[in-house]
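Written out below as structure tokens is the structure these notes cover.
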Ligand code: OGA
Ligand code: NI
């Protein structure tokens, strides 16, 4: 077993102890707080999980806190089916003036909630550079990445930065994935302190890439508004001038037991729209339909766009937000970059009035974005979907 690189320099003594216990007792990992009632109050090392990248280098089996109950494991990766019909590919350059492309968008959103987008105006070299910058960030030693940690004082979770998901409870099952999560919109609210300085190109390529994905977002919103019979600028107006967007760089280390863990657990995105750039070499994204899991193919120079729960609510469920997950790979690491486009934090989320009438009542209750975001986090940590509780 290899040593965990540099960990003891950075974590509290209690956290370090928990890590080594984890290594010794992989199957039955319990933090000291669970074992000894005397320390229950003081020891909250369970809130600070080891980055999965470090863990993956050190263990031969995933520790128990990464292994969900049997029914929630991705054992079905071995049988994930080919899609009965492929995800439509739209030519983005023609989306707004060619009815055939708009029809394809409609079919894609209706059947999968996902669409593949080509001719989107982002050069292949920029897509490569943003992935290269991400790979280089994660390749650094832990100390370098911890400068951007999502834990204040090593323990209090904040939305931006490098690390794991928020750990809310001691028995929360974790995903086999490390992230770097950065606010990209509104542009004047970016926290550059979290934007890596290494590689040197990181900030510039992310800025350039997200300026272009924003244009894609805007055009897709317009095309969707037309498809639904709403004003062209309906969605743009709804999300507001200070609409949020986050870039999430996902890093999935190889996992010795892909059948036991989730790279990302089954979920739907909370955002309005997600623009996803996936690893060219290593697959792993799967989408669920009618209870079956399907492998999502990747195509060169193509972006994957999916709807999120906020859009499902706004369009009153005409187009659903797809449930998807990521499975891990036994030999290879995988990276992806998701840009989540959301709504201004001061606004409300509700079905578009133009889509409602006596025969089509609202299917979701209105909710303030702040409450929506809080609900999303809390439900995700338990592997549940908040949108289910908003259905009328
Ligand atoms: C996500 C997600 C998919 C991927 O970050 O929400 O679903 O391919 N990622 O990494
Ligand atoms: Ni997702």
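The values are calculated or read from the model by the stated rules, or taken from the named source; none is laboratory data. The structure displayed is predicted, hence computed values, not measured ones. Here Cβ is always computed from backbone atoms with ideal geometry, including for glycine, and neighbour counts include all displayed protein chains.
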Open item on the list: Of the conditions (1) more than 16 Å from ligand 1 (Cβ to nearest atom); (2) within 21 Å of residue 380 (Cα to Cα); (3) touching a residue at least 60 places away in the same chain (Cβ under 8 Å); (4) in contact with a helix residue (DSSP H, G or I) (Cβ under 6 Å, 6 or more places away or on another chain), residue 349 satisfies every one except a single condition; which number is it?
Closed with: (3)
Task: the stretch 288-322, residues that are modelled with pLDDT of 95 or more and within 10 Å of ligand 1 (Cβ to nearest atom) - done: 304, 306, 308, 322
Open item on the list: Against the conditions (1) modelled with pLDDT of 95 or more; (2) more than 12 Å from ligand 1 (Cβ to nearest atom), where does residue 281 fall short? Just the number, please.
Closed with: (1)
Task: Condition met for residue 343 (more than 16 Å from ligand 2 (Cβ to nearest atom), in contact (Cβ under 8 Å) with a residue 40 or more places away in the chain and crowded, with 20+ Cβ neighbours inside 10 Å) - done: yes
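Does the stretch 170-197 hold any residues that are closer than 27 Å to residue 326 by Cα, more than 16 Å from ligand 1 (Cβ to nearest atom) and part of a loop (DSSP other than H, G, I, E, B), and which are they? Break it down into steps so the answer makes sense when it comes.
Going through the stretch 170-197, the residues closer than 27 Å to residue 326 by Cα turn out to be 170-185, 194-196.
Restricting the remaining residues to those that are more than 16 Å from ligand 1 (Cβ to nearest atom) gives 170-173, 185, 194-196.
Correct list: 170, 171, 172, 173, 195, 196.
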TODO: Return the only residue of 302, 274 being out of contact with any helix residue (DSSP H, G or I) (no Cβ under 7 Å at 6 or more places or on another chain) and within 11 Å of ligand 2 (Cβ to nearest atom).
DONE: 274
Task: Those residues of the stretch 306-334 which are surrounded by 22 or more Cβ atoms within 10 Å (Cβ to Cβ) and over 21 Å from residue 372 (Cβ atoms), in sequence order - done: 326, 327, 328, 334
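Restricting attention to helices (runs of 4 or more DSSP H) lying wholly within the stretch 1-113, give those where 2 or more residues are modelled with pLDDT under 90. Full working, then the answer.
On the way: elements: 7-10, 13-24, 32-35, 52-58, 99-111.
Passing ranges, in order: 7-10, 13-24, 32-35, 52-58.
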TODO: State the number of residues belonging to the stretch 198-243 that are touching a residue at least 12 places away in the same chain (Cβ under 8 Å), more than 18 Å from residue 126 (Cα to Cα) and part of a helix (DSSP H, G or I).
DONE: 15
Open item on the list: Looking for something away from ligand 2 (no atom under 16 Å from the Cβ), surrounded by fewer than 18 Cβ atoms within 10 Å (Cβ to Cβ) and over 30 Å from residue 288 (Cα atoms) - is there at least one such residue anywhere in the stretch 116-123?
Closed with: yes
